[in-house]
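Here's the structure we're looking at; comments come further down.
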Amino acid sequence: MPATKVVVNIPGEVAYNVRIGAGVLASLGQSMRNVPSLAGAEQVLVITDTNVGPLYLSRAKASLAEAGYHVSDICVPAGEEAKSIAVIGEVWEAMAALALERDCVVVALGGGCVGDLAGFAAATYMRGVQVVQVPTTLLSMVDSSVGGKTGVNLTAGKNLVGAFKQPAFVCADTDVLATLPSREWACGCGEVAKSALIDGDEFFFWLSDQAQAMAARQADVVAEAIARCVVFKADVVAQDKTESRGVRECLNYGHTLAHAIEKLSGYGTYSHGHAVADGMRFAALLGESLVGTPAELAEAQAQLLDALNLPALDWKATPENVLETMKRDKKARHGQVRFMLLEDVGAWKLVDVDDATILRHLQTYFA
Ligand code: NAD
Ligand code: MG
């Protein structure tokens, strides 16, 4: 199967390519030499984590060295732990100790955590150097590697410090997904389903048809799903680069409740994508009464999520607690909880929902 190329063209930014396919990591270095802003660089720093490094760092470094880059690497803790003030501090110090100059390139080799950390390191070191995203989870291929959001967490909450930093190139090698644990696979599938529902009928019906193949990680279907998600996300980001025009918020479908689920059940109890899937089920419930979400849509969505191994969660909390948690979320404005609801597949609407309505629907959701 040949590699697919999606061009991300965001107003005011240099357009970049996302190369998707089996084995594309082997030509990472050569691909970078073909990007004007990376062609003349000498120093490359690969940032990876303790799970991904042992699996794919040597492959990445071999390709970069073959293309003539001088390569160093840093390995950070796997998972959310990497997105901390402590770790970003270590990365900055290491970059300085390596005497990296302004024309160096940071390569993020890993999932969304490495991508967010490395992107932020690149956005800030010497006021900004180039970054290449090499996403290795399904979630990072379909979501976090494109769009330019980078950052780290504070004790007070996730992603509270960061910067917008578009990559110069994205290399999504579908072969590396072979080693992804099934929980992480399902997590990414949650975001794929979300994208399809917001994007429209074409994507949604295609994914519904291909759900079994997607769950079974069938190569051609996976590559196509990633490409569709990237095209979709690139289009949304192009309309609203810095999330200031209310368009990018559509990507938040399912996330209002998901953030509360993750917080109240303890981070890591359920994967983010699985929490998003449940958030989408709840949004459909709310949508049926508030914006006329068709019952058939709620049903088709539920079937899709089931087929992607994202069954309805069996978690418990009091509706009052859930509401309070949603009100304290950083996406809430002045304590007003806002939901992304679907009037239909592809037709979304942001709705401020009052407390009583939320509580009533949470009772139904938990029943
Ligand atoms: P992750 O980076 O923690 O990766 C999940 C786990 O899989 C980790 O343990 C990792 O080491 C391991 N792993 C990664 N690739 C592997 C592979 N090929 N084989 C085996 N193991 C592998 O998690 P994630 O889900 O990729 O990303 C989550 C992060 O992304 C969150 O911090 C979230 O805030 C962020 N995010 C950012 C954006 C954005 O726009 N920047 C969008 C969505 C999510
Ligand atoms: Mg998400």
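Derivation of every value follows stated rules applied to the coordinates shown; laboratory data play no part. Predicted model, so just to flag it, every value in this text is computed and none were measured. Here the Cβ positions follow ideal geometry from the backbone for every residue, glycine too, while neighbour counts run over all protein chains shown.
Using +1 on the beta carbon of Lys and Arg, -1 on that of Asp and Glu, and nothing else charged, what's the dipole of the range 172-245 about the Cα centre, debye to 20? If you can, show how the numbers build up before the last one.
Details: 7 positive and 13 negative charges, 48 e Å.
With only Lys, Arg, Asp and Glu charged at Cβ, the dipole is about 240 debye.
Could you list the square roots of 5 times each eigenvalue of the Cα gyration tensor of the range 236-367, that is, the equivalent ellipsoid semi-axes, sorted largest first and rounded to whole Å? Walk me through the intermediate numbers first.
Working: eigenvalues 80, 67, 50 Å².
Largest first, the range 236-367 gives 20, 18, 16 Å.
Taking the Cα-to-Cβ direction at T357 and at L154 and moving 7 Å from each Cα, how far apart do the two end points lie in nm?
Placing both labels 7 Å beyond Cα along the Cβ direction yields 3.2 nm.
Just name one of G79, V44, M95: the one whose Cα is farthest towards the positive end of the charge dipole of the chain (beta-carbon charges, Lys/Arg +1, Asp/Glu -1).
M95
Suppose every K and R has +1 on its Cβ and every D and E has -1 on its Cβ; what is the size of the dipole of the chain about the Cα centre, in Debye to the nearest 20? The partial results should precede the final answer.
Working: 30 positive and 42 negative charges, 152 e Å.
That gives a dipole near 720 debye.
For a label point 7 angstrom out from the Cα of E101 toward its Cβ, which stretches of the range 17-44 have the backbone nitrogen within less than 19 Å?
Backbone N within reach: 33, 36-44.
Can you tell me what share of the DSSP beta bridges in the chain is antiparallel? A percent to the nearest 5 is fine.
Rounded to the nearest five, the antiparallel share is 40 percent.
If R₀ is 30 angstrom, what is the calculated FRET efficiency for the pair Q239 and S182, using the beta carbon separation as r and rounding to 0.05?
Between Q239 and S182 the formula returns 0.30.
Which three semi-axes in whole Å describe the equivalent ellipsoid of the range 167-305, each the square root of 5 times a Cα gyration tensor eigenvalue, listed largest first?
23, 19, 17
If you bin every alpha carbon distance in the range 106-169 into 10 Å steps from zero, what whole percent lands in each bin?
27, 56, 17, 0
Once you place label points 7 Å from the Cα toward the Cβ at R217 and S265, how far apart are they in nm?
So the two model labels end up 2.2 nm from each other.
Mind putting together the pair-distance distribution for the chain? All Cα pairs, 20 Å bins, whole percent per bin, short to long.
31, 57, 12, 0
Determine ³J(HN,Hα), in whole Hz, for all residues of the range 257-262 in sequence, where each value follows from phi through the Karplus function 6.51 cos²θ - 1.76 cosθ + 1.60 and θ = phi - 60°; x replaces Gly and Pro.
Per residue, the Karplus-derived 3J(HN,Hα) values read 6, 4, 4, 5, 4, 4 Hz.
Taking only Cα atoms of the range 312-358, what ratio of Rg to Rh do you get with Rh as the Kirkwood inverse-distance radius?
1.02
Starting from 0 in steps of 10 Å, tell me what percent of the Cα-Cα pairs of the range 186-233 lands in each bin.
29, 64, 7
Using a cut-off of 15 Å between beta-carbons, work out the net charge of the residues near E90 (Lys and Arg +1, Asp and Glu -1, E90 not included).
Local charge sum for E90: -3.
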